[in-house]
Structures are given as C-alpha cells and as structure tokens.
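The values are calculated or read from the model by the stated rules, or taken from the named source; none is laboratory data. Keep in mind that what you see is a predicted model, and the values were worked out from it rather than measured. For neighbour counting, all protein chains shown are included, and Cβ atoms are generated from backbone atoms with ideal geometry for every residue, glycine included.
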Amino acid sequence: MTEPYAAIREEVAKLCQQFPGEYWRAKDHAREYPGEFVAALTQAGYLAALIPENYGGAGLPLSGAAAILEEIQRQGGNGGACHAQMYIMGTLLRHGSDAQKAQYLPRIASGELRLQAFGVTEPGSGTDTLALKTTATRNGDDYIVNGQKIWTSRAEHSDLMLLLARTAPRETGAKRTDGLSVLLVDMRDAVDHGLTIRPIDTMMNHATTEVFFDNLRVPAANLIGTEGQGFRYILSGMNAERILIGAECIGDAKWFIDKATTYARERQVFGRPIGQNQGVQFPIARAYAQMRAAELMVHDAIAKYEAGENAGAEANMAKMLAAEASWAAGEACIQTHGGFGFAAEYDIERKFRETRLYQVAPISTNLILSYLAEHVLGLPRSY
Ligand SMILES: Cc1cc2nc3c(=O)[nH]c(=O)nc-3n(C[C@H](O)[C@H](O)[C@H](O)COP(=O)(O)OP(=O)(O)OC[C@H]3O[C@@H](n4cnc5c(N)ncnc54)[C@H](O)[C@@H]3O)c2cc1C
C-alpha cells in the first residue's frame, strides 16, 4: 500500500528520530512538557500545516495534517502535546474576522504565538457542553469572565486559549444551543490577573490543567464571530478534531503492531520464536485487521470532509474505531512481550497509557454510539 504524503511522512519520521524513546520516557517520568519536540515541529512548520499559505502556513488539506500526526505516533512520540493547535486554529480561520486572522494566524504559523489551549469542559458539565456555567459578561469594551474549566490541556504551554463561555442565560435563547460564545483569551498577561492555572496529575504525561477565571477582562475585540453562536463554531471544528485523533490512534496501532511482530519473531521460548505460536500470532493479526478497517474509515471521513460534505458520522466512527484498534493493538503488544511489556524501557506501557485516553477524550465512545443511533439510525434521542 502506498500511503498518501510519503515525502512528508519521511521528513516527520526523521524529525521524530531526534526524539527517541529515551526522550519520551524521561519526559513521562518527570511529567515534563516535551517543549523541545514541540519547538522542532513548530520550526519545521508542521503545526501550521492547516494554516493557509497567505497567512504563512503550509495550506495543506486535512489529509496532510492527519499524515503528520499519524507519523508522530507511529514513531513512538506523542502528538497530544501539541495536536490541538492544528484544529483549534480552524475556529479562528473559519469564523474569525479578517482583522483577527491577520493579527493572529501569521504569528501562530511562525511559532511566535502558541494556540494550544481549548477551554470547553467544566467540572459540572462534562459531556453536556450546553450545561457549562462559565460566564462572559459584556462590560464596555471588555468581557468579564468568571467560572472554571477542567481538563484544559497545555494551558501552561500556550499563549492563547480558545474559550467557550456563556454570554446569555440558557433559558433565554431561541434555540438550546444559543447563548454560548467563543473568545480568544491571551493568557500571557492574564495569569495572576484573573486567571489561575492548576496542573492535574494524570495517568499519562498530558500537561492538562484546571483553569479558574475570576473577573478576567478579555477585550470584546477577541470575540470570535457573533455573540451567542459559539457552540456552532466549536461543533464545526469537531469533525476535524475527531479525524485527526483517529489518525493518531492509527499511528499508535501501527507502532504497537510493529513492536509486537518484531518481538514475536525474535523472542525464543521453548527453543523457537514465540511468534510461531498461533496463540501469539492471532491477537496481533486481529489487531492488524482492526487497524486497517479503522484506517479505511479515517480515509473515508477525510474524503468526505475534504469534499465539503457533512462528515459527522464518518468522523465519529473513525475516531471510535481507531481508538479501539489502537487499544487492541496495545493489548496484543503487551501480551506478546510478557513481563517485558511492563518495563518502562520498552515504551509499551507508556504508549498503552497514552492511547487509552482516546476512548474518553475529546468525546467518549458512548456519546459516539448515541450520535450514530440518533443521527444515522433514526433511533430516539437518549439524553
Ligand atoms: C487527559 C485529558 C485531556 C483533556 N483535554 C481537554 C481539553 O484540552 N479541553 C477540553 O475542553 N476538554 C478536555 N478534556 C475533557 C474531555 O473532553 C472529557 O473528559 C470528555 O468529553 C468526557 O467528559 P467527562 O470527563 O466530563 O465525562 P462525563 O460527561 O462525566 O461522562 C462520564 C461517563 O459517562 C458516560 N456518559 C455520560 N452521559 C452519557 C449518556 N447520555 N449516555 C451514555 N453514556 C454517557 C460517558 O460516556 C463517560 O464514559 C480532556 C480530558 C482528559 C481526561
């Protein structure tokens, strides 16, 4: 099979080889942000893949970004440190004013500004985004923001945050999705002036945080699009996000499968390679089949997205199937390695922890199944 973007993949692979397992292991162990890796990716222009050329980016379609992220994971790295910049930027690109785009996009493309933080989830709302309570109240030329977000990843390593906040009470809108707005928050001056960021210790090294807003002033000029329409803007970016996360999971699955097959060929027990036993072969072969099926769905979702069609169902299925495929491949890989699967120096247990996230975030599997049941199969809405 010839993979699309072979040249880009090769370049990304070369870059990733400068950051081998030891690098990721040390970062994981110390719970440190992989800043050097993110800087190298930024410098090489990969994080600006989707920014149009007239704003200084590479102007690639979504398939290009998917190839980059898949390759990072396939090389054993973790794009979770920076992947959000690719899809968060889309909200600004699609719904921002010309002035906002001219002000921010070229600086994001050059790496001068980092747009890595996406503040949607709150402790009290979770999956039910419309229940979020953080408010942005207009006051002269500013909005005053109060409330709390949780799981705001990379907030400590970003200059800007795309924030979803309530600008009108839930009951007052004509539609239930009205009343939420998107603000671009410049966090550089905000920390200790109304913005507090607290890291959350997690199972894997993900630089995620909780964020508190206490009368934070955000210029009204930083409102993206029309006040009250923010939920729609965020939704419009979700298909791209799901497809890109799906591509990352495909990369993880390929990494696990490569590791497992290599080890199964080399490891001798009872005087023969363990991979000669069908009990060892079959879980790897099954994971491979799962990965390939999920990969086809990722490609299908990309094709629909790039054709400008509604890729909602395909993007959701791609993300769900790819996350399940990477988990199955991780499981097969650990089992193939026996005890060594648990030794940190093999990187398997680290990747196993990292890839598990994608069955929960950015949306959990149950909600994808609910989406398919309701919107594709016409079953009654369950929530
Ligand atoms: C490491 C990490 C990084 C993250 N990064 C970000 C980020 O950068 N920005 C951001 O905004 N958010 C982020 N998130 C949040 C993530 O998107 C949410 O955790 C996810 O959407 C699930 O929401 P929740 O945790 O509140 O789960 P809940 O909504 O509390 O759900 C808990 C469980 O109940 C199930 N459930 C809930 N309702 C239903 C239903 N109606 N039917 C069936 N099952 C249901 C869910 O599927 C889930 O399994 C991150 C999360 C993690 C763990």
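Summary table
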item	result
Residue in the stretch 318-333 that is surrounded by 14 or more Cβ atoms within 10 Å (Cβ to Cβ), touching a residue at least 24 places away in the same chain (Cβ under 8 Å), on the phi < 0 side of the Ramachandran plot and among the basic types (Lys, Arg) present	yes
Pairs with Cβ under 9 Å, 6+ apart, first in the stretch 206-222 and touching a residue at least 40 places away in the same chain (Cβ under 8 Å) and assigned to a loop (DSSP other than H, G, I, E, B), second more than 11 Å from the ligand (Cβ to nearest atom) and of a type in the set (Lys, Arg)	Ala207/Arg31
Exclusive hit being within 12 Å of the ligand (Cβ to nearest atom), modelled with pLDDT of 95 or more and within 24 Å of Leu93 (Cβ to Cβ), set Val145, Val120	Val120
The stretch 148-162 - residue that is assigned to a strand (DSSP E or B) and more than 17 Å from Ile108 (Cα to Cα) and, of those, farthest from the ligand (Cβ to nearest atom)	Gln148
The stretch 155-180, subset touching a Phe, Trp or Tyr at 6+ places or on another chain (Cβ under 8 Å), under 26 Å from Leu113 (Cβ atoms) and of a type outside the set (A, V, I, L, M), residue surrounded by the most Cβ atoms within 10 Å (Cβ to Cβ)	Thr167
Long-range neighbours under 8 Å by Cβ, at least six apart or interchain, first residue assigned to a helix (DSSP H, G or I) within the stretch 19-34, second basic (Lys, Arg)	Trp24/Arg350; Arg25/Arg350; Asp28/Arg350
The stretch 72-96, subset in contact with a Gly (Cβ under 8 Å, 6 or more places away or on another chain) and over 17 Å from Ala49 (Cβ atoms), residue nearest to the ligand (Cβ to nearest atom)	His95
Pair list, Cβ under 7 Å, 6 or more apart: the stretch 358-371 residue near the ligand (Cβ under 6 Å from one of its atoms), other residue not in a loop (DSSP other than H, G, I, E, B)	Pro362/Glu241; Pro362/Ile245
